[in-house]
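Before any comments, here is the structure.
The values are calculated or read from the model by the stated rules, or taken from the named source; none is laboratory data. Model, not experiment: these values are computed from the prediction. Note: ideal-geometry Cβ built from the backbone for every residue, glycine included; neighbour counts use all protein chains shown.
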Amino acid sequence: MVIVMAPAGGDSDVAEVIAHVEAAGGEAFVSRGVNRTIVGVVGDERVLASIDLGQLPSVAEVVRITSPYKLVSQEHHAGTSTVMVGGVPIGPDTVTLIAGPCAVETPEQTLAAARMAREAGAALLRGGAYKPRTSPYAFQGLGLAGLRILAEVSAEVGMPAVTEVVDAADVDVVAEHAAMLQVGARNMQNFTLLQAVGGVGRPVLLKRGLTATYEEWLMAAEYIAQRGNLDIVLCERGIRTYETATRNTLDVAAVPMIRAMSHLPIIVDPSHAAGRRDLVLPLARAGIAAGADGLIVDVHAHPEAALVDGAQALVGESLAELAAVLQTMPALMGRTLAAPLPA
């Protein structure tokens, strides 16, 4: 059950609703959005049937939701939500490009990649300061120094930063330096981390786990929403299959399926799905054609020298081709390309 509070309702009204829910034996979770406050209620059918709040003047609507993911479901909010990231929209009216280096290496490298990304049409800057790697001997990122570089470059080029957080203990410091926090595929079911990012007051980019079902993915998003944060963007980044020709297999069907199941925006990551530069553009086109709300891609001025994932980073002609795609395909889908903020 989801209880939508009236716009004029205050904290005392929310407290009254929570008291009614707990008195009936249910558990209440408050989510405060920009325009409204909602109270999610969890309990068995007997408990839900005993809760009658429709007559309270502070309650605008009571919605019974049958799916296990209450707050992120289509039943809770019909259509697709728009998430604002530092003034940049990700939602059904736009195609938003998030681009930049997979890993922050140096100030010069990050700035060069950011300028290339903006020139190609990117409105948000990606860059990893913390890099969870399969090998313990691989480059793990610069940590706090990388965050500072990313924040400085973000301010210089006028592109809000998106970066990954891998530990609940680092959430606050990452939030100080970035406009959007990313939870990577390996951490999709790190529930302590999901709860931490849900309570920090920043939009969250939640990548799909390597073997996660759609429901598992949405249940992970529910952990974030349950802590009061509905500013969640899902990212299909490829799943593990028996195919070895590509790094992962991009599940294009995830885009329309998630659209039918959830109101959260969804973007695709063709870079990590393919692991190969020559496949990034075809997969990007497929994602946009399927209805994705945006793309997140790797960009590097010198991919042959990149410390992380150089083989998939766009540069030169491949980046120009992406820019051309973004000038034509969004209009075919009835959308516009999300414009960068003034530098």
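Answer with yes or no whether ALA284 is more than 13 Å from ALA122 (Cβ to Cβ) and either assigned by TED's automatic domain parsing to the domain that holds ALA129 or modelled with pLDDT of 95 or more (or both).
no
This table checks each residue for (1) buried (at least 24 other Cβ atoms within 10 Å of the Cβ); (2) part of a loop (DSSP other than H, G, I, E, B).
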position	(1), (2)
ARG186	no, no
LEU194	yes, no
GLY201	no, yes
LEU205	yes, no
GLU215	no, no
ALA221	yes, no
VAL233	yes, no
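Of all the criteria given as (1) closer than 22 Å to LEU337 by Cα; (2) more than 13 Å from the chain's Cα centre (by Cα), the one not satisfied by LEU205 is (2).
One line per residue, one yes/no per condition, for (1) in a loop (DSSP other than H, G, I, E, B); (2) more than 19 Å from HIS77 (Cβ to Cβ); (3) of a type in the set (S, T, N, Q):
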{"residue": "ILE3", "(1), (2), (3)": "no, no, no"}
{"residue": "GLY9", "(1), (2), (3)": "yes, no, no"}
{"residue": "ASP13", "(1), (2), (3)": "no, yes, no"}
{"residue": "GLU16", "(1), (2), (3)": "no, yes, no"}
{"residue": "ALA19", "(1), (2), (3)": "no, yes, no"}
{"residue": "GLU22", "(1), (2), (3)": "no, yes, no"}
{"residue": "GLY25", "(1), (2), (3)": "yes, yes, no"}
{"residue": "VAL30", "(1), (2), (3)": "no, no, no"}
{"residue": "VAL39", "(1), (2), (3)": "no, no, no"}
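For segment 81-105, the set of residues classified as in contact with a Gly (Cβ under 6 Å, 6 or more places away or on another chain) and of a type outside the set (A, V, I, L, M, F, W, C) consists of THR82, THR96, GLY100, PRO101, listed by residue number. Residues that are under 24 Å from THR96 (Cβ atoms), touching an Asp or Glu at 6+ places or on another chain (Cβ under 8 Å) and not basic (Lys, Arg) occur in segment 119-128; there is at least one. Among the residues of segment 225-256, those that are in contact (Cβ under 8 Å) with a residue 40 or more places away in the chain, among the hydrophobic types (A, V, I, L, M, F, W, C) and in contact with a helix residue (DSSP H, G or I) (Cβ under 8 Å, 6 or more places away or on another chain) comprise ALA225, ILE232, ALA254. Output the residue which, of all residues in segment 71-120 that are over 18 Å from the mean Cα position of the chain (by Cα) and not assigned by TED's automatic domain parsing to the domain that holds ILE267, is surrounded by the most Cβ atoms within 10 Å (Cβ to Cβ). My answer is HIS76. If you go through segment 74-107 and pick out every residue that is in contact with a helix residue (DSSP H, G or I) (Cβ under 7 Å, 6 or more places away or on another chain), of a type in the set (A, V, I, L, M) and in a strand (DSSP E or B), you end up with 3.
Yes or no: segment 129-141 includes at least one residue that is charged (D, E, K, R), more than 30 Å from VAL30 (Cβ to Cβ), modelled with pLDDT under 95 and over 19 Å from the mean Cα position of the chain (by Cα).
First pass over segment 129-141, keeping only residues charged (D, E, K, R): 131, 133.
Right, trim to more than 30 Å from VAL30 (Cβ to Cβ) and you get 131, 133.
Now restrict to residues that are modelled with pLDDT under 95: 131, 133.
Still in the running and over 19 Å from the mean Cα position of the chain (by Cα): 133.
The answer is yes; a qualifying residue exists.
With a requirement of 2 or more residues that are more than 24 Å from TYR214 (Cβ to Cβ), the helices (runs of 4 or more DSSP H) lying completely within segment 240-318 that satisfy it span 277-290. From the list VAL166, VAL153, the lone residue that is of a type in the set (Val, Ile, Thr) and either assigned to a loop (DSSP other than H, G, I, E, B) or in contact with an Asp or Glu (Cβ under 8 Å, 6 or more places away or on another chain) (or both) is VAL166.
I'd like the residue in segment 117-162 that is of a type in the set (Val, Ile, Thr) and touching a residue at least 40 places away in the same chain (Cβ under 8 Å) and, out of all such residues, is nearest to ALA179 (Cα to Cα).
Filtering segment 117-162 for residues of a type in the set (Val, Ile, Thr) gives 134, 149, 153, 157, 162.
The next check asks that each one be touching a residue at least 40 places away in the same chain (Cβ under 8 Å); those that pass are 149, 153, 157, 162.
On the way: ILE149: 14, VAL153: 13, VAL157: 14, VAL162: 6 Å.
Result: VAL162.
Across segment 262-282, the number of residues qualifying as of a type outside the set (D, E, K, R) and under 19 Å from the mean Cα position of the chain (by Cα) comes to 11.
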